[in-house]
Every structure is written in C-alpha cells, then in structure tokens.
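One structure is given here, and the rest of the page talks about it.
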Amino acid sequence: LKIFFTKGKKAKKTLIEANKQLVIVREEIEYLENILFQLEDANNTECEEIKRELIQNGYIKNKLKQSSKNQKLSITKFIIDDTEIYVGKNNLQNNYLTHTLAKSNDYWFHIKEGTGSHVIVKIPENDPNFVMSEKLIRTAANIAAYYSTGKTSSSVPVDYTKVRYLKKVPGMKGSFVTLQNQKTIYIDPDINLIKNLSQ
C-alpha cells in the first residue's frame, strides 16, 4: 500500500510539473507566431528591429556584440484632425509606444483576442476636456484592424481603453498586456483609408 501511495504522489508531482511546462510551451508558441506575423509585412528596417528583439531574447547570437537597445525605432505616425496616431508594427515598437511614449490619458487600440499592432492616440496635454470624436475612434480602430491578423476579415472587434488601464504581462516575452475598462468597436478594415492616411 505504501508503494502505491508513493507512486501516486510522484505521479501527481509529475503531472503538476508537466502542466507548468505545457503553459510555458504554449506561451512560447504564441510568442513565435506573433513574431512570424510581424515579419510578413515588415520592411527592412522593421526586420532589423525584430532581429534586435530576437537577439535580446537569446534566439539569435549577436556576432557583432554591439548594444542595440538605444537605437531609434522607425514608428509609423498618422495625423487625423491635428491628433497624432502611432502604430507599433513589432514588439519593440509596441512596448515603446505603450509603456514609454504614451501617457496615462492617451488611448490604446488593439484587435480583440488576436495578433496585431498597438495603436496609440495621443491626447493633447493642454486640453483636459478633449473628447475623442467618432471619426477619430473609427479611424484608430480601422488602423488597429488593418495591422492585425483580422486584416482580410469583416466586422473585426477592436478593443480600446486609456493607457492607464493597461498592464504588461510580467515575465512574458513580446508586448502582451492585460486591460480593464475597455470598449469594443466592430470595424471593416479599409485598405483605401490606410492608403490615404499614408500619403
């Protein structure tokens, strides 16, 4: 009886450890799928930024042994009705926009439960009564939907909230965050809108 008890206890510990490893593996797969998505439409500069991240996380050896942490990022910016909208196209850009550039009252947009860009709408600091117009909300949501895995879908759900309600997921690679007090808007990604904004 004691032998069976010991074996059962050992099996329980093994199962607990296996479940922990399973969580780690799933997070690793999610992270690498995120990187793969970011590489699909990345230009040369953005590819170099993704390479920097992979070096920092130990996936690629840095043969040159030079520090790249302080190198400038090539972030896309749009201006709608005198309001700045920033788009992060990889994890380095997303983290910088959300956790460094953005202030607590700025707005953050991201596709709901999917892989995509962090989109930051900068609220004018000298205008405490600033209210986002429907046009601004729909434009930012469209940008978030377009630069996401929902790019070719219709009625894409996009969450948005103030930056103060975001928290980076501790110990997790990439640019994953948790959010509160979010609203959700459904949007059809409009490539013509993005093209017009880019001109």
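The values are calculated or read from the model by the stated rules, or taken from the named source; none is laboratory data. Keep in mind the model is a prediction, meaning the values are calculated, not measured. With ideal geometry, Cβ positions are generated from the backbone for all residues, glycine too; neighbour counts draw on all protein chains shown. In case anyone asks, the SASA skips ligands and DNA or RNA and just uses the protein heavy atoms, side chains included. Shrake-Rupley method; radii C 1.70, N 1.55, O 1.52, S 1.80 Å.
A few notes on this one:
- Looking only at residues of the stretch 165-199 that are of a type in the set (Lys, Arg) and surrounded by 14 or more Cβ atoms within 10 Å (Cβ to Cβ), we find that the one that is nearest to TYR86 (Cα to Cα) is LYS168.
- Residue, nearest to ASN192 (Cα to Cα), within the stretch 112-135, restricted to residues that are at pLDDT below 95 and aliphatic (A, V, I, L, M): MET132
- Restricting the stretch 98-137 to residues that are among the basic types (Lys, Arg) and out of contact with any helix residue (DSSP H, G or I) (no Cβ under 9 Å at 6 or more places or on another chain), the residue that is farthest from VAL169 (Cα to Cα): LYS135
- Segments classed as strands (runs of 3 or more DSSP E), wholly inside the stretch 98-199, with at least 1 members that are out of contact with any Ser or Thr (no Cβ under 9 Å at 6 or more places or on another chain) and of a type in the set (Ser, Thr, Tyr): 156-162, 177-179, 183-187
Condition check ((1) exposed (fewer than 15 other Cβ atoms within 10 Å of the Cβ); (2) not small (Gly, Ala, Ser)) across all residues:
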site	(1), (2)
ARG26	yes, yes
ALA42	no, no
GLU53	no, yes
ILE85	no, yes
GLY88	no, no
ILE123	no, yes
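- Check on ASP159, of a type in the set (D, E, K, R), modelled with pLDDT of 90 or more and open to solvent by less than 90 Å² (accessible area, probe 1.4 Å): yes
- Qualifying residue in the stretch 62-76 (condition: in contact with a Lys or Arg (Cβ under 9 Å, 6 or more places away or on another chain), at pLDDT 85 or above and among the small types (Gly, Ala, Ser)): yes
- The residue of the stretch 143-155 that is modelled with the lowest pLDDT, among those that are out of contact with any Pro (no Cβ under 6 Å at 6 or more places or on another chain) and open to solvent by less than 40 Å² (accessible area, probe 1.4 Å), is GLY150.
- Test: ALA102 is in contact with a Lys or Arg (Cβ under 9 Å, 6 or more places away or on another chain), of a type in the set (A, V, I, L, M), touching a residue at least 40 places away in the same chain (Cβ under 8 Å) and buried (at least 24 other Cβ atoms within 10 Å of the Cβ): no
- In the set THR76, THR115, only one residue is under 22 Å from GLN182 (Cα atoms) and polar (S, T, N, Q); that residue is THR115.
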